[in-house]
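In what follows, a structure is listed as C-alpha cells, so that the remarks can point back to it.
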Amino acid sequence: MTTTGQNPTAVSALDAARPRPTWQVILIRPETMTLALLIIALIAASLLSPYFLDVTYILQSFTLSAEFAIIALVLTMVIISGEIDLSPASAMALSACLFALAYQSGVPMWLSIGIGIGSGLVMGILNGLLVIGLQLPSIIVTIGTLTLYRGIAQVIAGDKSIRLPEWYVGIDKVLIAGLPAPVILFLVASLVLGLVLGTTIYGRQIYQIGTNAVAARHAGIRTKAIKMTLFVMMGLASSIAGLIFTSRLGSVRYDLGLGGELQMVLMAMLGGTYIFGGRGTILGTFLAAWLLVIIATGMTVANLLPATQLTVLGILLIVSIIATNAIYSRTQR
Amino acid sequence: MRRVYDFLLQRREAGIFVMIVLFCAVVGLMRPRFLTLDELRIILLLVPLIMIGAMAQMLVIVARHVDLSIGSMLGFSAIVSGMMYRYYPEVPWWTGFFVSVGIGSGLGLINGLLITVFRLPAIIVTLGTLSLYRGLTFIVSNARQIDRQYIPSELKALSQTSPIFGIPWIIFLAFGVALATYLFTMHTRVGRQIYALGSNPVAAPLRGIRVNSVTLMVFTISGALSGLAGILYASRWGFVNPSNTGTGFEFQVIAAVVIGGVSINGGVGTVLGTVLGVLLLGCVSAALPLLGVPGTTQNAIYGAVIIIALLIDRSVRQRGIAALAAQKARA
C-alpha cells in the first residue's frame, strides 16, 4: 500500500480514477482532432481561394477521391481487427480491367459488371484464405497480392487503355438530390458501415478481435469467420470502387489507381484508427476523407506540383500515426 | 522420394538451387540459346542491382521488419548524385559513390528513427517515406531527367568493362556486397544480434541486445545499400529519371528475398539463399523474352513468386513444429 493511506479501503477508493467528464472524453478522442483539422483546413483553404466556400466545388473535388474513400471505410474495419490490406488499389485495377475487357468482347453490360464485382469477391476471398486459412501475416501477403493483381491486370490488358461507351461514362456528373452519385454512395456506405461497426454485435466483436485476438477466441468469438467477411468486403468494395473509377475516367488501363493504397491507409490513419488494431471509428475515417480532399484540392489550387503533393501525403501519413499513437498512449494510462 | 522432398525443404538453398537447374534445363531444351555464355552474361547483368537491394531487404526482414522505401531511396540518391555530375562536371567520378551511399544512409536513418523513437510499425513508416522520398526526388530534380552525357564515362564503364573473364565490374561489386553481408551476418556480434532480435523481439532485450540501436543500424544499412544501388543504376543504364528510377524495385527485391528462403516471421535467412533467389529471378527475367512471353508479365510473376514463397515458408515452419513435437514425444 502507498504511504499516504490510513486504511486499505480508503486508498483503493482514491486509487480508482473517477470517470472522466464527458467533455474530456470527447476532447481526447482522435476524431475530435480530425474534425479540428478539417475546420482549420477549410478556413485556410477559403483564405487561399474563395472557391472553397462553394459547396458544389468541394463536392465536385470529392468525387476525385470518392473511390478511395469508400475503400478506406472498409479498410478502417480491417485495421481495427488487427490486420491490414495493401492490395485494394491493385484489386480495383484488375476488376476494372476484367469488366472493361468483358464488355469490349461483347458481353452484355449487366454481366460485365457482374464479372467485375465477382472478380473483386474472388480477390478478397483469396486474400482472406491466405491470411486466415493459412495464418500468413497480412502485411506480406497483401504486398504479394498487390503486385500480383496489378501484374495480372497488366498481362490481360497490356499497355493500352480500353474505352467504354458514352452512356457508361460520367457517374460523377450524375446528381442525386444535388449531390454527385459517388458522394451519395460514400455517404450511404459511411452510414451503413458506421452503424454496423458501432452498434451491432458483429461490429463490437471486430474491436474485441483487434484488442486481443486470443482473448476474443476464448470468449467464443468466431475470429476467423469475422476476419474472412472483412477481407471479402474489402474485395467487394474494391471492385465497386473500380467500376466508379472507370465511369469517371471513361477508359481503363492497368495502372488505374496506382499507388492508391497510400491514400486509403492515410484516410484511415488521419481518422484516428490505431495501426495496432482495436481502436478507430468510421466517423473518423469519414471526416479524414473530407480533410484529405480539402488538403489535396487546396494544394492543387495553390499550384503545387503533383510531386510536392506526394511528399505532403507521405509526411501527413507519418505525422498522423505519430499523433494517433500519442493520443492513445495518453488515454491508456 | 519423401526424404528427398524433406531434404530440399529443410536445406532451402539446395531447393532453390534445384529449381534454378530445372528451370534452366527446361528453358534450355525449348530454346538451346538459353544455355550459352552470352545468355549467362545477360542474366548476370540483370541481377547486380536486385542483389544489392536484396541484401538490404534480407537484413530488414530477418529483423522482423520490412522496408518498402528501398526503391524511393535508390531513386533519390541516384538523382542527387546525377545532379552533382551535371552541375559540377569537374568532380572525380567516384565521388558519386560517397554522395549516393551517404544520402541513402541518411534516408535509411530517418526511417529507423521514426520506427524506433516513435515505436511505429515499419510497414506504415516506409509506406509513408516511399511516397515522401519519391516526391522529394521530383522536387530536387525539378522533374528533369539526368541525361546520358552527364554521367561520367568511367562510371558507365563499370558496367561495360571487365577486369577478368569478360564479367563487368558491377557484377563483382554486387557479389562483393553479398560476401560482405555474409561475413557481417555470420561472423560479427551485431550481425548475429539481428537474427536474435528477429527470432524473438521480447527475449532479445533480456539477453542484453540493444534493440533500438540494432534496428536503427539495419535500416541505415538498408538505406546505404539502396544508395549504392542508386549510383550503380546510373552506371548500368546511363541515365537517372525521377519517375522511373527505382519504382517497383521494392517488390522485385522482396520477391527475391522471400524466394531465397528468408522467413517473413523474422530470424531466418541466409545470404546464400538470397543470392540464389536473386539468380532464379534473373533466370526467369532473361528467359521470358526468349520464350516469347511479353515483358508485361514481369509484375505478375513477382507477385506470384512472393505468394508461392510464402506458402513454402509456411510448410517448412509446420514441418519444423511437427518435428519438434515428435522429438518431445520421444523424450
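I'd like to know which of B:Gly227, B:Leu291, B:Phe184 lies farthest towards the positive end of the charge dipole of region B:182-331, counting +1 on Cβ of Lys and Arg and -1 on Cβ of Asp and Glu. The residue sitting farthest along the positive end of the dipole is B:Phe184. Summarising the label geometry, the points placed 7 Å from Cα in the beta-carbon direction at B:Leu272 and A:Phe276 lie 3.9 nm from one another. Dipole magnitude for chain B: computed about the Cα centre from +1 point charges on Lys and Arg Cβ and -1 point charges on Asp and Glu Cβ, it is near 1040 debye. Please report the spacing between the Cα centers of region B:215-285 and region A:197-263 in Å, no decimals. Rounded to whole Å, the Cα centres lie 31 Å apart.
The slack between B:Ala331 and B:Phe23, meaning 0.36 nm per residue of separation minus the straight C-alpha distance, is 106.7 nm.
If you place +1 on the Cβ of every Lys and Arg, -1 on the Cβ of every Asp and Glu, and leave all else neutral, what size is the dipole of region B:1-130 about its Cα centre, to the nearest 20 Debye?
Roughly 440 debye, rounded to the nearest 20.
Using only atoms on other chains, find how many Cβ atoms lie within 10 Å of each Cβ of peptide A:257-267 and report the average.
Values: counts 0, 1, 5, 0, 1, 5, 1, 0, 4, 4, 0.
That works out to 2 on average.
Averaged over the residues of A:133-143, the number of partner chain Cβ atoms lying within 10 Å of the residue Cβ comes to 5. Among B:51-59, A:142-150, A:206-214, sorting by the average number of other beta carbon atoms lying within 10 angstrom of each residue, highest first, gives B:51-59, A:142-150, A:206-214. Shown is the FRET efficiency for B:Ile308 and B:Ile139, computed with R0 = 45 Å from the Cβ-Cβ distance and rounded to the nearest 0.05: 0.70.
Annotation: peptides A:229-236, A:186-193, A:161-168, ranked by per-residue average of other Cβ atoms within 10 Å with the highest first, follow the order A:229-236, A:186-193, A:161-168. For the residues of A:154-161, the average number of beta carbons from a partner chain within 10 Å of their own beta carbon is 3. Extension gain for B:Arg148-B:Ser243 works out to 32.6 nm (0.36 nm per residue, less the C-alpha to C-alpha distance).
Dipole orientation for chain B: of the candidates B:Val258, B:Phe97, B:Ile170, B:Val258 has the Cα lying most toward the positive pole (charges on Cβ; Lys, Arg +1; Asp, Glu -1). Residues whose amide H lies under 5 Å from that of B:Val66, counting only those 5 or more places away or on a different chain, are B:Ala122, B:Ile123; hydrogens are built 1.01 Å from N in the peptide plane.
Simple spin-label estimate for B:Arg210 and A:His218 gives 3.8 nm between the two label positions (7 Å along the Cα-to-Cβ direction from each Cα). Backbone phi angles across region B:297-311, fed through the Karplus curve with coefficients 6.51, -1.76 and 1.60 (θ = phi - 60°), yield HN-Hα couplings of 7, 3, 5, 4, 5, 4, x, 4, 4, 4, 5, 4, 4, 4, 5 Hz in residue order; Gly and Pro are listed as x.
With a ≥ b ≥ c taken as the square roots of the eigenvalues of the C-alpha gyration tensor of region B:141-257, please select rounded if a/c is under 1.5 and otherwise prolate if a/b is larger than b/c or oblate if it is not?
Taking the square roots of the gyration eigenvalues as a ≥ b ≥ c, region B:141-257 is prolate.
Suppose every Lys and Arg Cβ carries +1 and every Asp and Glu Cβ carries -1, with no other charges. What dipole size does region B:84-162 come out with about its Cα centre, to the nearest 20 debye?
On the way: 6 positive and 3 negative charges, 44 e Å.
Dipole magnitude for region B:84-162 comes out near 220 debye.
With the highest mean first, a sort of the peptides B:135-144, B:181-190, B:264-273 on other beta-carbon atoms found within 10 angstrom per residue produces B:264-273, B:135-144, B:181-190.
A cut-off under 10 angstrom between Cβ atoms defines the neighbours of B:Thr126, and their net charge, with Lys, Arg +1 and Asp, Glu -1, is -2.
Can you classify region B:191-261 as rounded, prolate or oblate using the Cα gyration tensor, where a ≥ b ≥ c are the square roots of its eigenvalues, rounded means a/c under 1.5, and otherwise it's prolate if a/b beats b/c and oblate if not? Prolate.
Computed from the coordinates by the stated procedures, all read-outs in this text should not be read as laboratory data. Values in this document were obtained by computation on a predicted structure and should not be read as measured data. A quick note on method: Cβ atoms are made from the backbone with ideal geometry, for glycine too, and the neighbour counts reach across all protein chains shown.
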